[in-house]
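S.K.: Once you've had a glance at the structure underneath, I'll fire off some questions.
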Amino acid sequence: MSCPLCTDDGGALVWRGERLRVIRAQEAGFPAFYRVVWNAHVAEFSDLAAADRVHCMDAVVLVEQALRQHLSPTKVNIAALGNMVPHLHWHVIPRYKRDGRWGQPIWAPDVKTQPERKLADDDRGRLMAELRAALS
């Protein structure tokens, strides 16, 4: 079986280190969806040595902190699912009551449950540029 995270970055590369990388995922409706991807192919977090687990979670925390600082989300979702791609990666997703799937997974149908002021395109672009610079 070929692994897409072994053969490709998995999204727009933001930063790469010796052990892991940070990418911005291409998820419609979620322009600030990031993933922390372990470079070597392992399926589960428990496959990593203790020091590597700390290093990995420190990276996840840094991405979460940057999202919170620059985008002020209502909540940040963090998950390591791996059902579709069994290569260790963490999803770090800022969530807003206005995102149309609030209270549901981001892959659920858009239900528009919580109307809230939409973020203007120019504001979103400015905030995303600040976030990219911080994560780099």
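Quick note: the coordinates plus some simple rules give every number you see, no bench work behind them. The structure presented is a predicted model; accordingly, all values stated were derived computationally and were not measured. So basically every Cβ, Gly included, is an ideal-geometry build from the backbone, and we count neighbours across all protein chains shown.
S.K.: Among strands (runs of 3 or more DSSP E) lying entirely in region 9-84, which contain 1 or more residues that are loosely packed, with under 13 Cβ neighbours inside 10 Å and not acidic (Asp, Glu)?
M.R.: So the answer is 12-16, 75-79.
Residue by residue, here is whether (1) of a type in the set (Val, Ile, Thr); (2) more than 22 Å from Asp123 (Cα to Cα) holds:
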site: Trp15; (1), (2): no, yes
site: Val37; (1), (2): yes, yes
site: Ala40; (1), (2): no, yes
site: Leu48; (1), (2): no, yes
site: Arg53; (1), (2): no, yes
site: Leu67; (1), (2): no, no
site: Met84; (1), (2): no, yes
site: Leu88; (1), (2): no, yes
site: His91; (1), (2): no, yes
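S.K.: Does Trp107 count as in contact with a Lys or Arg (Cβ under 9 Å, 6 or more places away or on another chain), surrounded by 13 or more Cβ atoms within 10 Å (Cβ to Cβ), of a type in the set (Phe, Trp, Tyr) and in a loop (DSSP other than H, G, I, E, B)?
M.R.: Taking the combined requirement at face value, the residue does not satisfy it.
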